[in-house]
Amino acid sequence: MATTHQQILQSLRKKDFKPVYFLHGPEPYFIDSIEKFIEENALPEEQKAFNQIILYGKDVDANTVIDNARRFPMMAEHQVVILREAQMMRELKDLETYLQQPQPSTILVICHKHKNFTGKKLIDLASKTGVVFESKKLYENQVFDWVQDHIRSLGYDITSHATNLLIEYLGTDVSVIVLELEKLALHLEKGVTINEEHIEEYVGISREYNVFELNKALGLRDIAKVSR
């Protein structure tokens with residue numbers, strides 16, 4: 001089962017958990033957000049101490065992951081096993097044995113960041129019993145729409161000029177944009193339409209470097225201002 005970032009989050013909000021989540025690709029933000037949601041919401045707080053395990057690929061082998069994943073939860077419906085930095089684990093393909101018949105009460109989250117995983121058999125097995133998600137970098141022409149959609153999901157709106165200003169200043173790194181939007185949201189009430197003034201005040205963009213001011217300076221051939 002391959003699906004989109006938003007579809008996965010919608011399913012998770014409905015508590016529709018799968019035995020396996022194989023998250024891989026060059027864009028870490030989408031992988032981190034899915035992992036974080038599962039870590040924070042799959043189990044109630046009182047069950048996490050005994051039923052939530054976080055492993056790191058550089059420190060474990062496949063047998064350790066499998067042994068933990070095959071455990072039964074303690075006085076709970078599920079246990080959560082999160083494998084971070086899976087790209088650093090040797091012989092990740094050895095998890096194929098487990099994926100052929102995963103433990104139904106385990107939610108295994110495999111996070112393979114910064115590059116795609118190319119083991120077709122493992123991906124095929126994971127897709128049969130769970131969710132496979134390829135986390136792609138956004139193309140430059142996709143960032144504008146993504147920013148607007150993300151802001152609406154937070155309960156705000158944003159003008160086109162403010163969106164362009166944000167992207168011009170921060171670039172297209174999704175993680176950086178999200179961090180600044182979260183900081184900005186701390187200062188604004190839900191339902192507010194974010195404009196250029198909000199971006200300048202709360203993201204820290206000096207009006208002198210506002211991209212629209214820059215365009216004006218270029219049009220007026222104000223070389224001194226452009227060079228600052």
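The values are calculated or read from the model by the stated rules, or taken from the named source; none is laboratory data. As the structure is a computational prediction, the values presented were derived from the model and not from experiment. All Cβ positions, even for glycine, are placed from backbone atoms using ideal geometry, and neighbour counts span all protein chains on display.
Values computed for the structure shown
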quantity	calculated
Residue among 172, 118 that alone is free of Cβ contacts under 8 Å to residues at least 12 places away in the same chain and not in a helix (DSSP H, G or I)	118
Selection from segment 77-95 of residues that are buried (at least 18 other Cβ atoms within 10 Å of the Cβ) and either touching a residue at least 40 places away in the same chain (Cβ under 8 Å) or not polar (S, T, N, Q) (or both)	78, 80, 81, 82, 83, 84, 86, 89, 92, 95
Which listed residue is part of a helix (DSSP H, G or I) and either hydroxyl-bearing (Ser, Thr, Tyr) or modelled with pLDDT of 90 or more (or both), from 213, 208, 197	197
Residue within segment 124-131 that is over 19 Å from the mean Cα position of the chain (by Cα), of a type in the set (Lys, Arg) and within 19 Å of residue 18 (Cβ to Cβ) present	yes
